[in-house]
2 protein chains.
Amino acid sequence: MSHPVSNETVEHQLNWRYATKTFDTARPVSDTDWQTLERALVLTPSSFGLQPWKFFVVTDPTVKANLKPATFNQSQVVDASHVVVFAIRRDLDEIEIDRFVARTAEVRGTTIESLSRFRQIMVGFFKSPKMDADEWATRQVYIALGFFMATAAMMGIDTCPIEGFDPAKYDEILGLNALGYGSVVVAAAGHRAAGDKYAAAAKVRFKHEDVIVRI
Amino acid sequence: MSHPVSNETVEHQLNWRYATKTFDTARPVSDTDWQTLERALVLTPSSFGLQPWKFFVVTDPTVKANLKPATFNQSQVVDASHVVVFAIRRDLDEIEIDRFVARTAEVRGTTIESLSRFRQIMVGFFKSPKMDADEWATRQVYIALGFFMATAAMMGIDTCPIEGFDPAKYDEILGLNALGYGSVVVAAAGHRAAGDKYAAAAKVRFKHEDVIVRI
């Protein structure tokens, strides 16, 4: 399929997007739309395809209320219908690599043995001296954050990315430590309230020529 | 505008996307499409809105050829019509914060003084003991990478994200050090060649229920 979405629509939606501060509590993301957004999360590309993450989708009002004080009391995590907690797989190890290799063999109908060289490359990569596996995984999770926000914008769904939260408290509230995961960034999703003054504020970006350099 | 792009189109395009290995050298991204993609890069959200980045767009054939050996000889950086080198602003300092505050005042028609509290919050944030400003900036750049790939997919444009390159060599070839920037990740963009066998390979993702946890 060529040019499934027009340039005008793309640019309009990316200009329409903003970090929503006030969500309309009466207008949750519909189940159908949320399903598409979850699929977008799952489809996020990652280095090696390793997907060093889980996405915790919080809709339970009590849990959302518990998250609020751990989010510097930002009300987006209560008002938005869906709160995605982007979490990394901590301390990536060979077990995780083997899980991925097994999944690759399963999906592609091949043997684990035929993937042994690919496996060795990954194992070697994570053993390299300068490697910080948690930080590497965190970078991958930020791809997912960008992928999620761009996709939501195309669908006319509002988001608010949130770095201002206490990861240790989130991990405790959501029980992530026991699972071997750790929260690194959050995004609230829903529909903007009519009165959110930030929606009308001029978008602040450096000039095009200060951001893009053509070589 | 509500639901500007249908769920079906969104899902179709995200499934259509893959890390393109062979680009059609006869089919560059058109100028019009590239303009939209550059605007998407500029519109990428970042924490504080600080945009700690520049995007170096390489189309010059000689420069692309020079990048190839610094990319483990991956031919995507030569065959794709556009190569984006995502670079962080190194060693973020108060000068950079002031540049952003000045731009905010300019775009929003307000005074720099009225933004002094916002400025102080940012200055304090970067002075916090655990802060690694380069790593923080790198995470923001990965938002841009995700934003870029999702947007391109909607437009039917192929991309290949590349972590397998030598940042020090890239910085030298592109002259980034002198500018205070450093390359952290790369994406090639163009149109897939008809024969790229990876286009037909089944997409490997963990099962939905292993990636998404509802709470």
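Quick note: the coordinates plus some simple rules give every number you see, no bench work behind them. As the structure is a computational prediction, the values presented were derived from the model and not from experiment. Because the Cβ atoms are built from the backbone with ideal geometry, glycine has one as well, and the counts that use them run over all protein chains shown.
Considering only B:LEU14, B:LEU115, B:LEU43, the mean-square fluctuation computed in a Gaussian network model of chain B, springs between alpha carbons under 10 angstrom, is largest for B:LEU115. The three principal axes of the Cα atoms in the range A:7-211 give end-to-end lengths of 58, 41, 36 Å, sorted in falling order.
In this rough spin-label picture, where each label sits 7 Å from Cα along the Cβ direction, the A:PHE118-B:GLU94 distance is 5.2 nm.
Here the 3J(HN,Hα) profile of the range A:44-57, calculated from phi with Karplus coefficients 6.51, -1.76 and 1.60 at θ = phi - 60°, is 3, x, 8, 4, 6, x, 6, 6, x, 8, 9, 10, 9, 9 Hz, Gly and Pro shown as x.
Rounded, prolate or oblate, given the Cα gyration tensor of the range A:137-191, with a/c below 1.5 counting as rounded? It comes out prolate by the Cα gyration axes. Amide H contacts under 5 Å for A:VAL185: A:PHE86, restricted to partners 5 or more places along the chain or on a different chain, H placed in the peptide plane at 1.01 Å from N.
Residues whose amide H lies under 5 Å from that of B:TYR18, counting only those 5 or more places away or on a different chain, are B:THR159; hydrogens are built 1.01 Å from N in the peptide plane. Placing a pseudo-label 7 Å from each Cα along the Cα-to-Cβ vector at A:ALA168 and A:SER30 gives an inter-label distance of 4.4 nm.
Computed across the protein assembly as shown, the Kirkwood radius stands at 22.1 Å (inverse of mean 1/r, all Cα pairs). Karplus-derived 3J(HN,Hα) values for the range A:63-70, using 6.51 cos²θ - 1.76 cosθ + 1.60 with θ = phi - 60°, are 5, 4, 5, 5, 6, 4, x, 8 Hz; glycine and proline are entered as x.
Given 10 Å bins starting at zero, what is the percent of C-alpha pairs of the range A:47-95 in each, up to the one with the largest pair distance? All Cα pairs considered, the percentages come to 24, 39, 22, 14, 0. Only DSSP H runs of four or more residues enter the estimate; each adds -39500 (n - 2.57), and after division by the residues of chain B the mean residue ellipticity at 222 nm equals -13000 deg cm²/dmol. Applying 1/(1 + (r/R0)^6) with r as the Cβ-Cβ distance of A:ALA102 and A:ALA199 and R0 = 45 angstrom yields a FRET efficiency of 0.45. Eigen-decomposition of the gyration tensor built on the alpha-carbon atoms of the range B:109-215 gives equivalent ellipsoid semi-axes of 35, 22, 16 angstrom, largest listed first. Taking a sphere under 10 Å around the Cβ of A:VAL204 and counting the other residues whose Cβ falls inside, with K and R at +1 and D and E at -1, yields a net charge of +3. Highest GNM mean-square fluctuation, chain A, Cα pairs closer than 10 Å: which of A:VAL185, A:VAL84, A:VAL42? So, out of A:VAL185, A:VAL84, A:VAL42, the one fluctuating most is A:VAL42. Pairs from the table (B:LYS21/B:LYS54; A:LYS127/B:LYS203; A:LYS130/A:LYS169; A:LYS54/A:LYS169) lying more than 22 angstrom apart at Cα are B:LYS21/B:LYS54; A:LYS127/B:LYS203; A:LYS130/A:LYS169. Judged by the mean number of other Cβ atoms found within 10 Å, the most tightly packed of the peptides A:140-150, B:20-30, B:194-204 leads the ranking A:140-150, B:20-30, B:194-204.
For chain A, the membrane-span-like helices by this rule, meaning whole DSSP H stretches whose C-alpha atoms cover at least 27 Å of axis and whose Kyte-Doolittle mean is 0.5 or above, are A:133-154; this says nothing about an actual membrane.
The alpha carbons of the range B:31-141 give a radius of gyration and a Dmax of 17.4, 51 Å, in that order.
Partner aspartates and glutamates whose Cα lies under 13 Å from the Cα of B:LYS64, excluding those fewer than 8 positions away in the same chain, are identified as B:ASP79. Put simply, the amide H of A:GLN51, placed in the peptide plane, has neighbours under 5 Å in A:SER46, leaving out anything fewer than 5 places away on its chain. With label points defined 7 Å past Cα in the direction of Cβ, position B:ILE95 shows copy-to-copy spacings of 4.9 nm, given to one decimal and shortest first.
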